[in-house]
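Below: the structure, in structure tokens.
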Ligand code: DLZ
């Protein structure tokens, strides 16, 4: 589970699909803004690198990671995005806030995937220290925003492939 050996921006030899026809929503939390701004930059750069058009990236901002679930739901409900990426950073403190926020957003995002049958990608750093976050938003362990962007493209491509194959085998009369 630990990512100490994994660089979040290194996808090895995996072939990444072309995102030129994809529309991607991003909900980004304002808490720990220095970190989430860097996650957003990484995600956007990676989407653009894989040919997602700038106009097809819809970004909204929410106060904290707890609000990411509703932000993502609103993107799915009121826009025509193919997938949503949620970006946040929760840093362990002295109280139990960390656990409640992490549990809430993981459960919320999981439920949205199933409820909407659309990819909602988990780009939230859940770390013990600010230094660990800095390492994962463009530092020595890469950028979780990059990983989330590639995952979004892969999941949209997977869904498109299934739909296309199904329709070519079972055309609508
Ligand atoms: C309150 C709070 C705390 C203590 N820590 C964080 C954090 O590390 N990362 C984050 O994204 N948000 C934090 N928040 C704010 C909550 O996510 C939420 O915005 C508030 O509880 C209001 O619902």
Meets criteria (more than 16 Å from the ligand (Cβ to nearest atom) and in contact with a strand residue (DSSP E or B) (Cβ under 9 Å, 6 or more places away or on another chain)) for residue 117: no
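Limited to region 29-46, what total is found for residues that are assigned to a loop (DSSP other than H, G, I, E, B) and either surrounded by 18 or more Cβ atoms within 10 Å (Cβ to Cβ) or on the phi > 0 side of the Ramachandran plot (or both)? I'd like the intermediate steps shown before the answer.
Start the filter on region 29-46 by keeping residues that are assigned to a loop (DSSP other than H, G, I, E, B), which leaves 30-32.
Restricting the remaining residues to those that are either surrounded by 18 or more Cβ atoms within 10 Å (Cβ to Cβ) or on the phi > 0 side of the Ramachandran plot (or both) gives 32.
Qualifying residue count, region 29-46: 1.
Listed here are the residues, each with its yes/no results for (1) touching a strand residue (DSSP E or B) at 6+ places or on another chain (Cβ under 7 Å); (2) surrounded by fewer than 19 Cβ atoms within 10 Å (Cβ to Cβ).
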position	(1), (2)
27	yes, no
48	no, yes
54	no, yes
57	yes, no
61	yes, yes
79	yes, yes
83	yes, no
89	yes, no
96	no, yes
Search result, residues across region 1-42 that are within 12 Å of residue 142 (Cα to Cα) and within 16 Å of the ligand (Cβ to nearest atom): 38, 39
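Select from region 98-110 the residues that are free of Cβ contacts under 8 Å to residues at least 40 places away in the same chain and in contact with a strand residue (DSSP E or B) (Cβ under 9 Å, 6 or more places away or on another chain) and write down the one among them that is surrounded by the most Cβ atoms within 10 Å (Cβ to Cβ).
Within region 98-110, the subset free of Cβ contacts under 8 Å to residues at least 40 places away in the same chain is 98-104, 106-107, 110.
Within this subset, residues satisfying the condition of being in contact with a strand residue (DSSP E or B) (Cβ under 9 Å, 6 or more places away or on another chain) are 98, 101-102, 106, 110.
Numbers: 98: 17, 101: 21, 102: 17, 106: 14, 110: 13.
Among residues in region 98-110 that are free of Cβ contacts under 8 Å to residues at least 40 places away in the same chain and in contact with a strand residue (DSSP E or B) (Cβ under 9 Å, 6 or more places away or on another chain), the one surrounded by the most Cβ atoms within 10 Å (Cβ to Cβ) is 101.
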Condition check for residue 65: within 16 Å of the ligand (Cβ to nearest atom) and touching a strand residue (DSSP E or B) at 6+ places or on another chain (Cβ under 8 Å): yes
Counted residues, region 52-74 - those being within 14 Å of residue 40 (Cβ to Cβ), within 13 Å of the chain's Cα centre (by Cα) and assigned to a helix (DSSP H, G or I): 3
Failed item in (1) within 19 Å of residue 30 (Cα to Cα); (2) within 11 Å of the ligand (Cβ to nearest atom); (3) without any contact (Cβ under 8 Å) to a residue 40 or more places away in the chain, with residue 94 passing the rest: (1)
Residue within region 147-169 that is surrounded by 14 or more Cβ atoms within 10 Å (Cβ to Cβ), part of a helix (DSSP H, G or I), modelled with pLDDT of 95 or more and within 16 Å of the ligand (Cβ to nearest atom) present: yes
Close pairs from region 46-69: first within 14 Å of residue 21 (Cβ to Cβ) and in contact (Cβ under 8 Å) with a residue 40 or more places away in the chain, partner within 16 Å of the ligand (Cβ to nearest atom) and not in a loop (DSSP other than H, G, I, E, B), Cβ under 9 Å, at least 6 apart: 47/26; 47/85
Long-range neighbours under 8 Å by Cβ, at least six apart or interchain, first residue on the phi > 0 side of the Ramachandran plot within region 142-166, second outside any helix (DSSP H, G or I) and surrounded by 15 or more Cβ atoms within 10 Å (Cβ to Cβ): 142/7; 142/8; 142/9; 142/136
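The values are calculated or read from the model by the stated rules, or taken from the named source; none is laboratory data. As the structure is a prediction and not an experimental result, all values here were calculated from the model. Virtual Cβ from ideal backbone geometry, glycine too; neighbours counted across all protein chains shown.
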